[in-house]
């Protein structure tokens, strides 16, 4: 650094992504929460269904926390899948803690197997991250957004229309917002994902399965 020059920070609290970049990111995040329909099985088996909202809130908070923690520390613990398999195979035997041939063969075999699977997935699917975004836009939104709004309106439109309370109006407005947001994410996310895939192919000169090109863009 030159003496007497005050460095300027390039830190940003909020980025300035383009529409395509923003929508592909949102679509990818949406896919992470596409398991919402699975909660129907949970509420149907609860002893007290009135506790469902509380249980759902706790579950989503825990899931979000896990996503944040894994996304933060996972790069330092990339060996964990291999270690999990290794532990399951040798659990209860002396080979788990002793440097025997069985110990090393199992460990190297577990690591090689996970590496091979990761390579197959990464190499056989070009532009994988954009594909995840496309799946999130096309399928995840139709599972997480529109159905939830429509179902509430179906259950509460008739009874609420007779009473027309302020709470009912607010819930209707919220459901309409959720439905419109879902359609916006479906259309905008699909468009952005397709554009991103096209741009990735143009920038790299084309990326195909089992090529040596970088396909994580």
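Only residues that are surrounded by fewer than 24 Cβ atoms within 10 Å (Cβ to Cβ) and at pLDDT 80 or above were counted across the range 122-142, and they come to 7.
Restricting the search to helices (runs of 4 or more DSSP H) fully inside the range 20-119 and requiring at least 3 residues that are in contact with a helix residue (DSSP H, G or I) (Cβ under 6 Å, 6 or more places away or on another chain) gives 80-90. Residues in the range 91-113 include none that are closer than 30 Å to residue 186 by Cβ and free of Cβ contacts under 8 Å to residues at least 24 places away in the same chain.
The values are calculated or read from the model by the stated rules, or taken from the named source; none is laboratory data. Note that this is a predicted model, so its numbers are computed, not measured. With ideal geometry, Cβ positions are generated from the backbone for all residues, glycine too; neighbour counts draw on all protein chains shown.
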